[in-house]
Each structure stands twice: as C-alpha cells, then as structure tokens.
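The values are calculated or read from the model by the stated rules, or taken from the named source; none is laboratory data. A quick note: this is a predicted structure, and the numbers were derived from the prediction, not measured. With ideal geometry, Cβ positions are generated from the backbone for all residues, glycine too; neighbour counts draw on all protein chains shown. The area values use the complete protein model at the heavy-atom level, side chains included, leaving out ligands, DNA and RNA. Shrake-Rupley method; radii C 1.70, N 1.55, O 1.52, S 1.80 Å.
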Amino acid sequence: MLFQNEYFMPYRFFKALGFAILIWIVGFVWGSIVFMTPALKSVARIPYVSTNPAISFPIIFIWLVLAYLLARNYLAKTTNRADEGFRLGVIFSIVNFVLDLLVLVLLFKTGWNYFVSLTVWIGYLMLLIIPWLTGRSLQKALP
C-alpha cells in the first residue's frame, strides 16, 4: 500500500492529524470572532493579498507559534526528526487545505476567490516549512 509506507506516513499519524485539525480550529475560531465583531469585519481588503486582513494576519502569527510548538511536541520522541518534521508539515498543510476547501469554500460558500489571497498560501507554506525546519533544528541537537 502506497500510503502505509514509512516514507509517506508520519510516525504518529493520528497525533499529527489531531494537531493539524487543532491548527485549523484555532484559525476558524479567530475568523468567527472577527465576523462577529463589526469593527473587525469592516477592515478593508488588500487585493490579491488578503480578503480580510483582520483574520489573515493574526492567523499567520498564531500559526507560526502554534506550528512550532506542536512540531516540537510531536518530534520530541522521534529519531529522524528532519524527515518526520517534513511529513508532519505535509499533514498540517494538506489537512488545512482540505478543511478550508470543504468548510469555508463549499459549506459556507465563500467561493473560489478564497484561494486568490496570498496570505492563504503563505499560511499553507508556513505549515509545511515550520515543522520541517523545527525537525532539522532538533536533529542537529541530537548527540
């Protein structure tokens, strides 16, 4: 089976999946708070960068910290941390993309324009790179 191979699956798949869903939920909750706050909801969009800067820029900062902390927690008991960090980052990015697609674009009907924003793609890229870099850093620290 292709996806049961040790090269593709993370060390602890369900923990990685849970962390990825947690990251998405944090972003979703922040987005919900912004949409319930008229002053934040009315922040002007930045064409092709962010449809709602009051949501996207704080989420980028929150995801930066959260992805790093969750990656450190996840990678603490692994031996090949650089590779495992990359696999974790792939799970983080794919799960967040799929949940954005299913919940925001299809269920809440925000439309395909959601994916036109640069901040959305920066978020996915961050979720891929931060665990990988964290794993590389932790790998170098191994005796």
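If you check Phe97, Phe86, Phe92, Phe57, which single one turns out to be more than 25 Å from Phe13 (Cβ to Cβ) and part of a helix (DSSP H, G or I)?
Working: Phe97 fails: more than 25 Å from Phe13 (Cβ to Cβ); Phe86 fails: more than 25 Å from Phe13 (Cβ to Cβ); Phe92 fails: more than 25 Å from Phe13 (Cβ to Cβ).
Exactly one residue qualifies, and that residue is Phe57.
Give segment 1-39 a look and list any residue that's modelled with pLDDT under 90, open to solvent by less than 100 Å² (accessible area, probe 1.4 Å) and either under 18 Å from Asn73 (Cα atoms) or in contact with a helix residue (DSSP H, G or I) (Cβ under 9 Å, 6 or more places away or on another chain) (or both), or say none.
Going through segment 1-39, the residues modelled with pLDDT under 90 turn out to be 1-12.
Right, trim to open to solvent by less than 100 Å² (accessible area, probe 1.4 Å) and you get 5, 9-10, 12.
Hits for segment 1-39 are Met9, Pro10, Arg12.
Restricting attention to segment 53-78, and to residues there that are free of Cβ contacts under 8 Å to residues at least 60 places away in the same chain and of a type in the set (Val, Ile, Thr), which single residue is nearest to Leu104 (Cα to Cα)?
Among those residues, the one meeting the criterion is Ile55.
Could you list all residues from segment 11-29 that are more than 12 Å from Phe92 (Cα to Cα), assigned to a helix (DSSP H, G or I) and basic (Lys, Arg)?
Those that are more than 12 Å from Phe92 (Cα to Cα), assigned to a helix (DSSP H, G or I) and basic (Lys, Arg): none in segment 11-29.
What is the number of the single condition among (1) within 19 Å of Ser117 (Cα to Cα); (2) open to solvent by 30 Å² or more (accessible area, probe 1.4 Å) that Leu69 does not meet?
In the conditions (1) within 19 Å of Ser117 (Cα to Cα); (2) open to solvent by 30 Å² or more (accessible area, probe 1.4 Å), Leu69 misses (1) alone.
Starting from residues that are in a helix (DSSP H, G or I) and open to solvent by less than 70 Å² (accessible area, probe 1.4 Å), keep the ones in segment 40-53 and report whichever is nearest to Gly85 (Cα to Cα). Step through it out loud before you land on a result.
Step one: of segment 40-53, the residues in a helix (DSSP H, G or I) are 40-41, 53.
Now drop any that are not open to solvent by less than 70 Å² (accessible area, probe 1.4 Å), which leaves 40, 53.
Numbers: Leu40: 35, Pro53: 29 Å.
Among residues in segment 40-53 that are in a helix (DSSP H, G or I) and open to solvent by less than 70 Å² (accessible area, probe 1.4 Å), the one nearest to Gly85 (Cα to Cα) is Pro53.
Scan segment 82-97 and tell me whether some residue there is surrounded by fewer than 19 Cβ atoms within 10 Å (Cβ to Cβ) and among the basic types (Lys, Arg).
Checked segment 82-97: no residue is surrounded by fewer than 19 Cβ atoms within 10 Å (Cβ to Cβ) and among the basic types (Lys, Arg).
In segment 98-114, what count of residues is obtained for those that are open to solvent by less than 30 Å² (accessible area, probe 1.4 Å) and either touching a helix residue (DSSP H, G or I) at 6+ places or on another chain (Cβ under 6 Å) or closer than 30 Å to Ala82 by Cα (or both)?
2
Take Ser56 and decide whether it is open to solvent by less than 70 Å² (accessible area, probe 1.4 Å), within 15 Å of Tyr124 (Cα to Cα), among the polar types (S, T, N, Q) and touching a strand residue (DSSP E or B) at 6+ places or on another chain (Cβ under 7 Å). If you could, list the steps in order and put the result at the bottom.
Working: open to solvent by less than 70 Å² (accessible area, probe 1.4 Å): yes; within 15 Å of Tyr124 (Cα to Cα): yes; among the polar types (S, T, N, Q): yes; touching a strand residue (DSSP E or B) at 6+ places or on another chain (Cβ under 7 Å): yes.
Yes: the conditions hold for Ser56.
Can you tell which of Leu128, Leu133, Leu138 is in a helix (DSSP H, G or I), in contact with a Leu (Cβ under 7 Å, 6 or more places away or on another chain) and either crowded, with 17+ Cβ neighbours inside 10 Å or without any contact (Cβ under 8 Å) to a residue 60 or more places away in the chain (or both)?
Numbers: Leu128 fails: in contact with a Leu (Cβ under 7 Å, 6 or more places away or on another chain); Leu133 fails: in contact with a Leu (Cβ under 7 Å, 6 or more places away or on another chain).
Every option except Leu138 fails the conditions.
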